[in-house]
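Let me begin by presenting the structure, written as structure tokens, before commenting on it.
The values are calculated or read from the model by the stated rules, or taken from the named source; none is laboratory data. Predicted model, so just to flag it, every value in this text is computed and none were measured. As a convention, Cβ positions derive from the backbone with ideal geometry for all residues, glycine included, and neighbour counts pool all protein chains shown.
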Amino acid sequence: MSESITAPVSGGSSIPLPQPGKYLLYCYSIIVIGDIPGYQDKYQKKIIFIFELPHTKAVFNEAKGEQPFVVHRMFTLSMHKQSHLRPFLSNWIGAPIEDKDAEGFEITGMINKAAHANIIHGMTKTTNKTFLDIHQIGPAFGEQNLPPRHNPKIIWTWNSAFDPAKFLSIPLWIRNDMIKSKEFANLGIPIPVGEGEFYNQQTMKVERMKIEDQAQVQVQQAAQPSVQPPVQSPVQQQPQGQVPVQQVQTQPQAQPQPQQPAQQPPVQQGGQPANDPGWVIPD
């Protein structure tokens, strides 16, 4: 009997995950999720890096054909020497990031960079589902004739005007963390939903609706325009352990919290060798 590991996908089928080992990665998304509640409801600013595996593909959706597997890592946005982010970036560029360079390190400069990584299998604590995880990462020196990147680049920093279309291009599971952030609350706008999505006030999440339920949900939304949480309404009772977006939105609009720029530290000198064409991914 095969010892392959499979993961469920939509439609009831399953697709084997790549076996643990060394893989080439492309970084195509760097997203500042924002200041979100974590352990004991303490707020921390989070950032996520999303990579695709250009040589490792499967058919997840018949209409889209083969697509690369993806893997991500999330960090607290801190370049302190004892943080997890700083050694991750140091290993990725193949050089230590010294204290004098850490605060000015331009994190968004890592978009569209390749990497070699040891991929392992992790397991979620609540659902016991297996997923791909990055155990170690390093520069992709020596790689040449790389295939084009499959996924579009996304950089989100909260430092520019809110772009609804760009926001909706971010994976839903990440957006569901972003709408809990202080940065989103400071915007004072309804929660955007895309085609085939609706905001569930009970779960405090954006959820995808089944095709057969779309018409019914749309009618419900039209009949109850308050489905989007109002900025100044009091917080209703929420499921234990969840922090509602409205908790931050109840501040008077006349005195909004100033939006804090994400400290995004020019890529360290030497981080992008000009003589190594494999370091930058072709579009």
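For region 184-207, taking the residues that are among the hydrophobic types (A, V, I, L, M, F, W, C) and within 22 Å of Ile30 (Cα to Cα), the one that is surrounded by the most Cβ atoms within 10 Å (Cβ to Cβ) is identified as Phe184. Checked against (1) small (Gly, Ala, Ser); (2) within 19 Å of the chain's Cα centre (by Cα); (3) closer than 29 Å to His55 by Cα, Gly142 passes all but a single condition, namely (2).
Could you tell me whether Ser181 is surrounded by fewer than 17 Cβ atoms within 10 Å (Cβ to Cβ) and out of contact with any helix residue (DSSP H, G or I) (no Cβ under 7 Å at 6 or more places or on another chain)? So Ser181 fails the test. What are the residues in region 1-27 that are modelled with pLDDT of 55 or more and outside any strand (DSSP E or B), if any? Answer for region 1-27, where residues must be modelled with pLDDT of 55 or more and outside any strand (DSSP E or B): Glu3, Leu17, Pro18, Gln19, Pro20.
Could you list, in sequence order, the residues of region 110-127 that are touching a helix residue (DSSP H, G or I) at 6+ places or on another chain (Cβ under 9 Å) and farther than 13 Å from Lys22 by Cα? Matches in region 110-127: Met110, Lys113. Each residue in region 49-78 was checked for being over 15 Å from Ser29 (Cα atoms) and β-branched (Val, Ile, Thr), and 3 of them qualify.
Across region 104-125, the qualifying residues are those that are out of contact with any Asp or Glu (no Cβ under 6 Å at 6 or more places or on another chain) and β-branched (Val, Ile, Thr), and the one among them that is nearest to Pro148 (Cα to Cα) is Ile111.
Selection of helices (runs of 4 or more DSSP H) fully inside region 74-183 by the criterion of at least 2 residues being within 24 Å of Lys205 (Cβ to Cβ), hydrophobic (A, V, I, L, M, F, W, C) and at pLDDT 95 or above returns 164-168, 172-178. Scanning region 157-175 for residues that are surrounded by fewer than 16 Cβ atoms within 10 Å (Cβ to Cβ) and within 15 Å of Ile36 (Cβ to Cβ) turns up just one, Trp173.
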